[in-house]
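Structure record follows, encoded as structure tokens.
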Amino acid sequence: MTETGIGAAVRRTEDQRFLTGNGNYTDDINVFGQTYAAFVRSPHAHAKINGINSTAAAAADGVVAILTGEELAADGVGPLICGWNIAGKNGVEAHNSPVHHALAMGKVNYVGDHVALVVAETQAQADSAAEMVEVDYEELPAVIGTGKALNHATTIHEEAPGNMCYDWEIGDASATDAAFANAAHTTTIEIVNNRVIPNAMEPRACLAQFNKGTGDWTLHVTSQNPHVHRLVMSAFNGVAPEHKLRVIAPDVGGGFGSKIFIYAEEVVCTWATRKVGRPIKWTAKRSESFLCDAHGRDHVSKAELALDADGKFLGLRVNTKANLGSYLSTFASAVPTYMYATLLAGTYTTPAIYCDVQGVFTNTAPVDAYRGAGRPEATYLLERVVETAAREMNIDPADLRRRNYIQPDAFPYQTPVVHQYDIGDYGASLDKACDMADVGGFAARRADSESRGKRRGLGYSSYIEACGIAPSAAVGALGGGVGLWESADIRFNATGSVTVMTGTHNHGQGHETAFAQVISEKLGVPIENIEIVEGDTDKGPFGMGTYGSRSIAVGGSAIVKAADKIVEKGKKIAAHCLEAAEDDIEFAGGNFTVAGTDKVMNIAEVAFTAYVPHNYPEGVEPGLHEQAFYDPLNFSFPAGVHICEVEIDPTTGETEIVNYTAVDDFGTIINPMIVEGQVHGGIGQGVGQAMLEGANYDENGQLVTGSYMDYTMPRADNLPNFNVGTTSTPSPLNPLGVKGAGEAGAIASPPAVINAITDACGGAMIDMPATQEKVWQACQAAE
Amino acid sequence: MAKYHITAEINGDETEYLCEPEQTLLDVLRDELNYTGTKEGCGSGDCGACTVMMNGRHVCSCLVLGAEANGAKIETVEGMADGDNLHPLQEKFIEHAALQCGICTPGILVASKALLERNPDPTETEVRYWLAGNLCRCTGYDKIIRAVMDAASEMRGN
């Protein structure tokens, strides 16, 4: 390991600009002649629009234009799309996909739905005029509640009878039924995965410009995947031809999934900028983020686990109702199906699994991928039912998991639900976590708590996730409309410095540092001579972006592949210059050496020679600039064990996490300091979901938790320090052996926390968020 | 309505600006004076991303009117480093990787500086409570707390 290579805790090179106020985020950018956008939004969850009168608003000070859905449609700008078709049960080939107009056409379907765009000289003028637009609404009954939407008296979309998007299944129903028939014990739980709101601290924003001279659009946007934004906005929304649209995602202030999606605001502003002939800027107010950013989770499920007398899992049967919100967001359909139910084997050998999922529409914000996306829902359900089974059968929960683990010699392991796991050692993670959490000392700690009138609980979570998203052919076979490869472009400059462009996009993960470490390791270039460029469709090659813990596993692999090509070409140049056979050239540490001699040429010299090719091999092109596209062979499968220990004051319900231990197997780790931060942040979000956060709509479809006064984000005094460790079984399926680390914390932590709290409170189910009141109630019931 | 003509000291520089009555100090800093290091996270004083020092107190600049800053001494994240020499808090945030996306970081740095000016030797609990007004969605706070504690220790000369 070199000081700046793979495995080194290199300090993040991007931090200097963020710490000095020199970050460059979308809202920090202003251009000459810029106007400001405000959206007229529906105050109703469900209503017909009988008319829009903008006469008075149009006459207000500073108003440049007021535009509606009719004008958008007249210009041929198409509706927003969902890029993943889910085939249903019984030969149903396509899910029900209601038209999602970027600006409403005659009807609104959730509070915050986009009705009209107001463009004005200042933000205050735009906001003021938006309030003056008179919309004649005819209210309709709202469909609210995940478990109540199917066959509700009110139908939201004609295209979706009974408010059903799809009725989907996976696994072998009859084999699973047979497993239950033979079971010595069956554990059944009904479980809710609470709806959460992503709350990246940077609100979404865009700045759209049209250049009349060139006929080009430039869109700055808070995106995790600017190339996908460009593709969708040109191919599906018809806003601008792909080659005339430049999408730039500059520094992005967190995303957690919510900035994957192609939203109405950027589509409408990009269309409108040409129409009004001025740049248009829109930045979400936090209340708009709450109302309109795609929400996460929101499942209501029943899970049954069949066990034999020894606690071996025989079968798992699951039914889930998944709330998709009012419309299908960009990847919404895949999240509660292929991102969810394919993980229900967990880390266990359960031979028979069956899950069916009904995706339902409600008059709420669209629901889509949020950190973990389906995998937290699977892990929460599975780890809750396993923990419950352990309690019912009076088996130690760690022991029950150990009895059912897929063993290290069983890989590759084919689960009954699509995935083939490549490698893992789940017992090693469990052993290490138990050690780090001092599980052996728990009984004494519990006794001590009880002597002080407190309750104490310990909860496990043994998770697995499918990351490195994803093999394109597999995605296509499952209904996905995209390829999920990644690209890299390595350009040596004549002076020996390197510019690396890739299609992923950093929004807090430290790509500029981690990718530079990979290049430094592979090509022997000092890290300060490496520039990582992302986030601009005019600069780098087309790429699919950052989500699903894919950047290092897929993007990093593309970088390695391109680096290999650099070395291959460099060998030809070095062989010529060193007057040796190409086969005799070895490359290590940035030097091309003739094997067994001291004849050496540094890669910087090779780069210079490539650009000043006076003495140069015949038939070799000048330049040292290579590109690679990498399509993964399989998903990667990070796994691990988290253990949470809580102490509860039964008189108040106040719950303190007194120890939180995480042991994760991410395979090869590029930068342990960055990975540790990713784990911390994920746990923070998972603890938030488990104890504090919950998006609540009232029966009329008003979002009750629409501000930071109502929606409880974890704050510094709510969380503990974390006790984090790793094990490692490098993935055999990608050149770095990496697995991805971005989502693990958010996937593993909710069941660990709830298992600990329920352990402390006598075992009865407590739904997330386990607020102080709920915990107090549970303590009262237990006493 | 006429704009207000305001004179304030910002990061040590006497600064004049014109502002609308409804413009917040945050709007003025970002949109009129190009101090874009200070961020808006909520606009309602709940997230702390817009934290600046005003006359020695840390305030949410989204809750202060630009016109109120007349004669005031304002310090933003841009004024923390001394030229190329980073403030110890900035140094420790790099050393501990106490930031990820960076959007909440300027506010957290300013709030942390305010803490250490009042209390050079805070306990972990004191740091956590002091920073409870600053939301961070990326880090889970762990590394932030460690970085602030470490910076405090260094600034005390340990």
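A few notes on this one:
- Residue satisfying condition, being surrounded by fewer than 18 Cβ atoms within 10 Å (Cβ to Cβ) and charged (D, E, K, R), within set A:GLU621, A:GLU647, A:GLU676, A:GLU626: A:GLU621
- Residue selected from the range B:11-46 under the condition within 13 Å of chain A (Cβ to nearest Cβ) and part of a strand (DSSP E or B), by the criterion nearest to A:ASP27 (Cα to Cα): B:THR24
- Count of the range A:355-381 residues which are within 20 Å of the chain's Cα centre (by Cα) and in contact (Cβ under 8 Å) with a residue 60 or more places away in the chain: 16
- Filtered residues of the range A:400-416 (kept if among the charged types (D, E, K, R) and either free of Cβ contacts under 8 Å to residues at least 60 places away in the same chain or in contact with a strand residue (DSSP E or B) (Cβ under 7 Å, 6 or more places away or on another chain) (or both)): A:ARG401, A:ARG402, A:ASP409
- Entry remark, the range A:522-546: residues being on the phi < 0 side of the Ramachandran plot, buried (at least 19 other Cβ atoms within 10 Å of the Cβ) and either in the same structural domain as A:LEU733 (by TED's automatic domain parsing) or not in a helix (DSSP H, G or I) (or both) number 9 in total.
- When the range A:305-322 is filtered for residues that are surrounded by 24 or more Cβ atoms within 10 Å (Cβ to Cβ) and among the polar types (S, T, N, Q), only A:THR320 remains.
- Matching residues in the range A:236-266 - criterion: being free of Cβ contacts under 8 Å to residues at least 60 places away in the same chain and buried (at least 21 other Cβ atoms within 10 Å of the Cβ): A:ALA240
- Within the range A:600-629, tally of residues that are in contact with a strand residue (DSSP E or B) (Cβ under 7 Å, 6 or more places away or on another chain) and over 28 Å from A:THR504 (Cβ atoms): 3
- Conditions (1) among the β-branched types (Val, Ile, Thr); (2) farther than 27 Å from A:ALA466 by Cα; (3) in contact (Cβ under 8 Å) with a residue 60 or more places away in the chain: number failed by A:VAL679: (2)
- Filtered by the rule that a residue be touching a helix residue (DSSP H, G or I) at 6+ places or on another chain (Cβ under 7 Å) and without any contact (Cβ under 8 Å) to a residue 12 or more places away in the chain, the range A:682-720 gives A:ARG715, A:ALA716, A:ASP717.
- Candidates B:ALA49, B:ALA8 - the one that is outside the structural domain of B:ARG118 (by TED's automatic domain parsing), part of a strand (DSSP E or B) and crowded, with 19+ Cβ neighbours inside 10 Å: B:ALA8
- Once the range A:394-442 is narrowed to residues that are under 29 Å from A:GLY457 (Cβ atoms) and of a type in the set (Ser, Thr, Tyr), the residue that is surrounded by the fewest Cβ atoms within 10 Å (Cβ to Cβ) is A:TYR405.
- When we screen B:GLY66, B:GLY107, B:GLY79, B:GLY102 for residues that are surrounded by 24 or more Cβ atoms within 10 Å (Cβ to Cβ), at the interface with chain A (Cβ under 10 Å from one of its Cβ atoms) and either touching a residue at least 40 places away in the same chain (Cβ under 8 Å) or over 27 Å from A:PRO203 (Cβ atoms) (or both), the only hit is B:GLY107.
- Considering residues of the range A:234-283 that are under 21 Å from the mean Cα position of the chain (by Cα) and assigned to a helix (DSSP H, G or I) only, the residue nearest to the other protein chains (Cβ to nearest Cβ): A:GLU265
- In the set A:THR504, A:THR495, only one residue is on the phi < 0 side of the Ramachandran plot, in contact with an Asp or Glu (Cβ under 8 Å, 6 or more places away or on another chain) and β-branched (Val, Ile, Thr); that residue is A:THR504.
This table checks each residue for (1) modelled with pLDDT of 95 or more; (2) hydroxyl-bearing (Ser, Thr, Tyr).
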{"residue": "A:GLY441", "(1), (2)": "yes, no"}
{"residue": "A:ASP448", "(1), (2)": "yes, no"}
{"residue": "A:TYR460", "(1), (2)": "yes, yes"}
{"residue": "A:ILE469", "(1), (2)": "no, no"}
{"residue": "A:ALA477", "(1), (2)": "no, no"}
{"residue": "A:GLU486", "(1), (2)": "yes, no"}
{"residue": "A:ILE490", "(1), (2)": "yes, no"}
{"residue": "A:ASN493", "(1), (2)": "yes, no"}
{"residue": "A:THR504", "(1), (2)": "yes, yes"}
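- Residue under evaluation A:LEU736, criteria (1) assigned to a loop (DSSP other than H, G, I, E, B); (2) more than 21 Å from the chain's Cα centre (by Cα); (3) under 29 Å from A:ALA303 (Cα atoms); (4) hydrophobic (A, V, I, L, M, F, W, C), criterion not met: (3)
- The single condition among (1) facing chain B (nearest Cβ under 9 Å); (2) crowded, with 20+ Cβ neighbours inside 10 Å that A:ILE29 does not meet is (2).
- Evaluated against (1) part of a strand (DSSP E or B); (2) among the small types (Gly, Ala, Ser); (3) free of Cβ contacts under 8 Å to residues at least 24 places away in the same chain, A:GLY476 falls short on exactly one condition, (1).
- Per this entry, A:TYR370 is not counted among residues that are outside any loop (DSSP other than H, G, I, E, B), touching a Gly at 6+ places or on another chain (Cβ under 7 Å) and of a type outside the set (A, V, I, L, M, F, W, C).
The values are calculated or read from the model by the stated rules, or taken from the named source; none is laboratory data. All values reported here derive from a predicted model rather than from experimental measurement. Neighbour counts run over all protein chains shown; Cβ positions are idealised from the backbone, glycine included.
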